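The structure appears below as structure tokens.
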Amino acid sequence: RWAEVGRCKAVVVDEEPLFDLRSVRHPLLVLQGGEVVPSDLRLRAGQALVISGPNAGGKTVALKCLGLAVWMVRAGIPLPVGEETRLGWFGRVLSDIGDDQSIERSLSTFSAHVANLSRILGQSDERTLVLLDEVAGGTDPDEGSALAAAVLEALVERGAAVAATTHYERLKELAHDDERFVN
């Protein structure tokens with residue numbers, strides 16, 4: 001029924017850790033029944049996709065859609081995608097999405113993000129997909145953008161495939177200077 005309602009396709013898992021999602025639509029938006037604007041998301045291990053745009057422009061929706069697609073394929077669930085979609089096998093999917101601020105654990109928004117980034121850096125390799133929403137946010141923009149750039153560079157050096165949303169100009173510019181980055 002889901003395959004019919006969502007106009008979904010069965011996607012065979014590729015051996016190579018990559019994603020090439022053609023006309024992917026977020027499953028929850030598909031279930032709402034309205035018109036869903038599809039996205040094309042492409043990346044391979046050792047690259048970072050920097051997703052930028054205005055507030056309420058769908059950056060986090062695209063990021064979450066990517067994560068859902070990886071898990072849905074693992075479970076054998078058809079995807080709301082177009083023809084020629086390819087999705088590889090990732091041994092780990094790690095993310096920092098949302099705010100883990102905690103009074104009980106003495107964590108500010110920023111320190112919670114830093115703790116998550118540290119954990120992610122320690123676990124990432126060429127079979128890891130990393131999803132980062134507003135990477136290194138919650139601090140001074142100059143310091144945050146420098147930290148975000150360093151984290152993305154360290155992750156791609158480890159061979160991870162990374163998708164990150166941002167408003168930082170410095171991250172958007174990485175795609176012009178380094179072929180490992182795509183905006």
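The values are calculated or read from the model by the stated rules, or taken from the named source; none is laboratory data. Since we're looking at a predicted model, the values are computed, not measured. Virtual Cβ from ideal backbone geometry, glycine too; neighbours counted across all protein chains shown. Remember, those area values only see protein heavy atoms, side chains included, never the ligands or the DNA or RNA. Shrake-Rupley method; radii C 1.70, N 1.55, O 1.52, S 1.80 Å.
Data for the structure
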item	result
Output for the stretch 9-39, where each listed residue is under 16 Å from the mean Cα position of the chain (by Cα) and open to solvent by less than 30 Å² (accessible area, probe 1.4 Å)	PRO17, LEU18, PHE19, ASP20, LEU21, VAL24, ARG25, HIS26, PRO27
Output for the stretch 123-177, where each listed residue is of a type in the set (D, E, K, R), outside any helix (DSSP H, G or I), on the phi < 0 side of the Ramachandran plot and touching a residue at least 12 places away in the same chain (Cβ under 8 Å)	ASP125, GLU126, ARG127, ASP133, ARG158
Test: residue in the stretch 46-53 that is at pLDDT below 95 and surrounded by fewer than 16 Cβ atoms within 10 Å (Cβ to Cβ)	yes
Lone unmet requirement of (1) modelled with pLDDT of 95 or more; (2) over 16 Å from MET72 (Cβ atoms) for PRO17	(1)
